[in-house]
1. Output the number of residues of the range 17-51 satisfying the condition of being touching a residue at least 24 places away in the same chain (Cβ under 8 Å) and in contact with a helix residue (DSSP H, G or I) (Cβ under 6 Å, 6 or more places away or on another chain).
2. So which of ARG125, ARG104, ARG76, ARG95 ends up being within 22 Å of the chain's Cα centre (by Cα) and either loosely packed, with under 13 Cβ neighbours inside 10 Å or in contact (Cβ under 8 Å) with a residue 12 or more places away in the chain (or both)?
3. In this structure, does VAL117 turn out to be at pLDDT 95 or above and either in a helix (DSSP H, G or I) or of a type in the set (Lys, Arg) (or both)?
4. Please go through (1) outside the structural domain of LEU120 (by TED's automatic domain parsing); (2) not in a helix (DSSP H, G or I) for LEU101 and return the number of the only condition it doesn't satisfy.
5. Looking only at the range 11-20, decide whether some residue is within 24 Å of GLY63 (Cβ to Cβ), among the basic types (Lys, Arg) and surrounded by fewer than 19 Cβ atoms within 10 Å (Cβ to Cβ).
6. Condition test on GLY50, is it closer than 29 Å to THR2 by Cβ and modelled with pLDDT under 95?
7. Answer yes if at least one residue in the range 8-16 is of a type outside the set (Phe, Trp, Tyr), in contact (Cβ under 8 Å) with a residue 40 or more places away in the chain and out of contact with any His (no Cβ under 9 Å at 6 or more places or on another chain), and no otherwise.
Amino acid sequence: MTSYSVTAKRWKRGWELHIAGEGVTQSRSLAEAEGMVRDYISLMRGVPDGSFDVEITPEVGGGLDQAVREARDAVRDAEAARRSAAQASRMVAARLQAAGLTGRDIATVLGVSAQRVSQLLRETRSTANNEVLRSS
């Protein structure tokens, strides 16, 4: 699928949308930007507006663009760390259960609620079942 990179630059009436290799259009808000870009490309290329991807990168200036990138990177890194922690918690909860600990004891050892232990163990079983189905 074709992908279009768009740089959105703030101006007094909204946003200028610079579509790499295609041209420029405008929108009043960033919320409307993707629709405007899709309309523009559809009209110029004669293709359906859902037949391509659009990636919009806002440029706000004033030294804020770097801060925005750093904040987005931090959010992405935090999400990756959350997924990794959840995976580690699922694995250790299953091992603690296999070692004979009760759900309440596992909760105390991990420092989470008994409900969270149930969820972790349920997710572990679900993942194991999916792996069995894939290997069949």
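1. The number of residues fulfilling the criteria is 1.
2. Only one candidate passes the filter, namely ARG76.
3. So VAL117 passes the test.
4. It fails just one condition, (1).
5. yes
6. So GLY50 fits the description; yes.
7. yes
Residue by residue, here is whether (1) among the β-branched types (Val, Ile, Thr); (2) part of a helix (DSSP H, G or I) holds:
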| position | (1), (2) |
| --- | --- |
| LEU43 | no, yes |
| ASP49 | no, no |
| ASP65 | no, yes |
| VAL68 | yes, yes |
| ARG76 | no, yes |
| LEU96 | no, yes |
| ILE106 | yes, yes |
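The values are calculated or read from the model by the stated rules, or taken from the named source; none is laboratory data. In this text, all values refer to a predicted model and were calculated from it rather than measured experimentally. Counting neighbours? That spans all protein chains shown, and the Cβs are built from the backbone with ideal geometry, glycine included.
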